[in-house]
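The values are calculated or read from the model by the stated rules, or taken from the named source; none is laboratory data. Please read these numbers as outputs of a predicted model, since none were measured by experiment. For neighbour counting, all protein chains shown are included, and Cβ atoms are generated from backbone atoms with ideal geometry for every residue, glycine included. In case anyone asks, the SASA skips ligands and DNA or RNA and just uses the protein heavy atoms, side chains included. Shrake-Rupley method; radii C 1.70, N 1.55, O 1.52, S 1.80 Å.
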Amino acid sequence: DEEVADVCGLKKPGMRLAMRTQGPFDAVVILAGTNDLASEGSPERISGSIQLLHAAARAEGARTVAMAIPESLAARHVPALAATRAVANERLAAWARSQGESVLWVDTGALLPYSEPSAEGGHLWEPDGLHLSQA
């Protein structure tokens, strides 16, 4: 976990290393899974991978915020992706709620529903229709 590569092959510090060298942190917000919908397949694997991120943060003494995998252009138009996202989020929500006060669940879709670039709220999304923008 000292260094990990993302889907583009870019290497960055893993969560534990980042927390040790840039922390300490009281809380860590984890929003993950958007890229995993297409590449990792099963909702069980996706939610399990996200749970591992939470475990790494909690091992360093932080509470975590579990953000639901957000809506996306692809998930709106590809039923299999939408179904995987829904099941992965159901599993994450159930897991987060079972963790007591150490994990807070946030339904990202309720806060920031996906909007087409030309629609109201569209500026909150990158042109790829997958990632939230810096707005």
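Residue by residue through region 111-132, note down the ones that are part of a strand (DSSP E or B) and farther than 20 Å from VAL65 by Cβ. Steps first, please.
First pass over region 111-132, keeping only residues part of a strand (DSSP E or B): 125, 132.
Matches in region 111-132: TRP125 only.
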Task: Condition broken by TYR114, with the remaining ones in (1) farther than 19 Å from VAL4 by Cβ; (2) modelled with pLDDT of 90 or more; (3) surrounded by 16 or more Cβ atoms within 10 Å (Cβ to Cβ); (4) not acidic (Asp, Glu) satisfied - done: (2)
Open item on the list: Here's a check for you: in region 33-72, which residue that is in contact with a Gly (Cβ under 9 Å, 6 or more places away or on another chain) and acidic (Asp, Glu) is surrounded by the most Cβ atoms within 10 Å (Cβ to Cβ)?
Closed with: GLU71
Open item on the list: I'm trying to understand the selection: among the residues of region 10-32, which are open to solvent by 80 Å² or more (accessible area, probe 1.4 Å), under 24 Å from SER133 (Cβ atoms) and touching a strand residue (DSSP E or B) at 6+ places or on another chain (Cβ under 8 Å)?
Closed with: LYS12, VAL29
Open item on the list: On the basis of being touching a Pro at 6+ places or on another chain (Cβ under 8 Å) and at pLDDT 90 or above, does GLY48 make the cut?
Closed with: no
TODO: Evaluate region 89-110: report whether one residue or more is buried (at least 16 other Cβ atoms within 10 Å of the Cβ) and part of a loop (DSSP other than H, G, I, E, B).
DONE: yes
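Do we have ALA57 as modelled with pLDDT of 90 or more, outside any strand (DSSP E or B) and out of contact with any Ser or Thr (no Cβ under 8 Å at 6 or more places or on another chain) here?
Working: modelled with pLDDT of 90 or more: yes; outside any strand (DSSP E or B): yes; out of contact with any Ser or Thr (no Cβ under 8 Å at 6 or more places or on another chain): no.
When the stated conditions are applied, ALA57 does not pass them.
Taking the stated definitions as given, is ALA75 modelled with pLDDT of 90 or more and surrounded by 15 or more Cβ atoms within 10 Å (Cβ to Cβ)?
Working: modelled with pLDDT of 90 or more: no; surrounded by 15 or more Cβ atoms within 10 Å (Cβ to Cβ): yes.
In short, no.
Using the structure shown, decide if ALA75 is in a helix (DSSP H, G or I) and under 24 Å from SER133 (Cα atoms). Reasoning before the result, please.
On the way: in a helix (DSSP H, G or I): yes; under 24 Å from SER133 (Cα atoms): yes.
Judged against the criteria, ALA75 is a match.
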Task: Candidate set: region 85-118, residues that are of a type in the set (Val, Ile, Thr) and free of Cβ contacts under 8 Å to residues at least 60 places away in the same chain; chosen: the one farthest from GLY129 (Cα to Cα) - done: VAL103
Task: Checking ALA82 against (1) open to solvent by less than 60 Å² (accessible area, probe 1.4 Å); (2) among the aliphatic types (A, V, I, L, M); (3) at pLDDT below 80, the condition it does not meet - done: (3)
